[in-house]
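Laboratory data are not the source of any read-out in this text; all were calculated from the coordinates shown. Small disclaimer: the values here were computed from a predicted structure and weren't measured. Here the Cβ positions follow ideal geometry from the backbone for every residue, glycine too, while neighbour counts run over all protein chains shown.
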Amino acid sequence: MKIYGVGDSSLCVEFGPGIDPRVNQRAIDLAGQLERLNLPEILDIVPAYSSVTVYFNPLRINRMNLSSRLRETMNLRLEGAAGSARSHKVPVVYGGGFGPDLETVAEMNGISSDEVVRIHTGTRFRVYMLGFMPGFPYCGIVPEKIRAPRLSSPRTRISAGSVGIAGAQTGIYPMESPGGWRLIGRTPLTLFDPKENQDSMFRFAAGDSLEFYSISEEDFYGWTNRLEL
């Protein structure tokens with residue numbers, strides 16, 4: 001573990017490299033403990049795959065004192081963090097116009113499109129972090145048999161709910177945006193609702209688990225019609 005400055009008003013606590021659920025849990029636990037302490041000098045807390053970035057008010061605390069406070073916090077017994085994780089079932093229409101890269105992902109790995117779907121829906125994924133845009137879940141670890149690199153040239157427009165693969169990661173675009181992940185499907189779920197309060201505007205949180213399941217195009221439109229009522 002190491003602590004280092006990022007700019008003039010933030011510190012990063014790094015626990016290790018790579019994608020590892022145990023390392024990720026340490027980052028999530030620290031972020032949760034800091035949130036529960038509700039320290040006035042801390043402005044924002046951002047957990048990532050293997051680190052936590054802490055933004056602070058330099059008029060209320062300096063780097064050295066905050067670094068000491070962070071080390072003290074890490075030595076505390078972290079309570080309640082493990083029990084806060086939730087499990088989610090995510091409906092997805094795979095392939096066709098909903099997942100234009102499904103066949104390419106299959107060809108890259110020498111398997112059928114149905115096999116890609118079977119593996120994707122048969123894997124329990126961990127939400128390692130939210131990032132890129134509000135509510136975008138970075139999930140892993142994608143089995144090697146269905147991994148695929150990002151597009152060499154990103155799309156300028158991706159529909160909200162699109163499910164993609166990028167290397168060992170899978171994720172869901174919460175709103176329309178550009179992006180370079182390989183799209184294999186689309187979910188009708190709303191991932192980010194700014195009209196909700198801060199605790200409920202995001203469907204997923206770091207530490208949660210996702211299981212995808214396949215639905216038909218008819219089911220997708222039935223689902224979205226219900227959401228609009």
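Computed from point charges on the beta carbon alone (+1 for Lys and Arg, -1 for Asp and Glu), the dipole magnitude for the range 87-228 about its Cα centre is near 340 Debye.
Relative to the dominant Cα principal axis of the chain, helix 21-37 is inclined by about 50°.
Distances between placed amide hydrogens fall under 5 Å for Ala160 paired with Glu176, all partners being 5 or more residues away or on another chain. Would you mind counting up the charge near Asn57? Only other residues with Cβ under 11 Å from its Cβ, with Lys and Arg at +1 and Asp and Glu at -1. Here the charged neighbours net out to -1. Note on Glu35 and Arg63: their simple-model spin labels are 2.7 nm apart, each label 7 Å out from Cα toward Cβ. What relative contact order, as a whole-number percentage, does the chain give when Cα pairs under 8 Å and 6 or more residues apart are counted? Reported relative contact order: 20 percent. Only DSSP H runs of four or more residues enter the estimate; each adds -39500 (n - 2.57), and after division by the residues of the chain the mean residue ellipticity at 222 nm equals -8000 deg cm²/dmol. Projecting the Cα atoms of Gly207, Val105, Thr53 onto the charge dipole of the chain (Cβ charges, centred on the Cα centre) puts Thr53 farthest toward the positive pole. For Ile119 and Glu176, the FRET efficiency from 1/(1 + (r/R0)^6), where r spans their Cβ atoms and R0 equals 25 Å, is about 0.35. Here the average projected area of the convex hull drawn through the C-alpha atoms of the range 2-83 stands at 5.1 nm². Determine the shape class of the chain: with a ≥ b ≥ c the square roots of the Cα gyration tensor eigenvalues, call it rounded for a/c under 1.5, and otherwise prolate if a/b is greater than b/c, oblate otherwise. Taking the square roots of the gyration eigenvalues as a ≥ b ≥ c, the chain is prolate. To the nearest 10 degrees, how steep is helix 63-74 against the longest Cα principal axis of the chain, on a 0 to 90 scale? Taking the Cα atoms of the chain, the angle to 63-74 is about 70 degrees. If you find the alpha carbon centre of the range 126-200 and of the range 16-51, how far apart are they in angstrom? Using only Cα atoms to place each centre, the spacing works out to 21 Å. Indicate the gyration tensor shape class of the range 103-171 (rounded, prolate or oblate), computed on the Cα atoms with a ≥ b ≥ c the square roots of the eigenvalues: a/c under 1.5 is rounded; otherwise a/b larger than b/c is prolate and the rest oblate. Oblate shape, in that a/c is at least 1.5 and b/c is the bigger or equal ratio. Springs join every pair of Cα atoms under 10 Å in this Gaussian network model of the chain, and among Pro174, Pro143, Pro91 the largest mean-square fluctuation is at Pro143.
Taking 24 Å as the straight-line reach from the Cα of Lys145, the lysines in range (excluding those fewer than 8 positions away in the same chain) are Lys89. Rounding to the nearest 10 and keeping the result within 0 to 90°, find how far the Cα-based axis of helix 217-228 lies from the longest principal axis of the chain. So the inclination is approximately 50 degrees.
Checking every one of the GluC sites (Glu not before Pro) in the range 66-144 against DSSP loop status and a limit of 11 other Cβ atoms within 10 Å picks out Glu79.
Between Gly161, Gly18, Gly185, the GNM of the chain built on Cα springs shorter than 10 angstrom shows Gly18 fluctuating the most. Qualifying trypsin sites (Lys or Arg not before Pro) in the range 129-229, where qualification requires a DSSP coil assignment and no more than 15 other C-beta atoms within 10 Å, comprise Arg150, Lys195.
Computed from the alpha carbon atoms alone, the convex hull of the range 38-137 holds 167 Å³ per residue.
Simple rule: put +1 on each Lys or Arg Cβ and -1 on each Asp or Glu Cβ in the chain, find the dipole, and look at Tyr94, Met1, Gln33; the Cα lying farthest toward the positive end is Met1.
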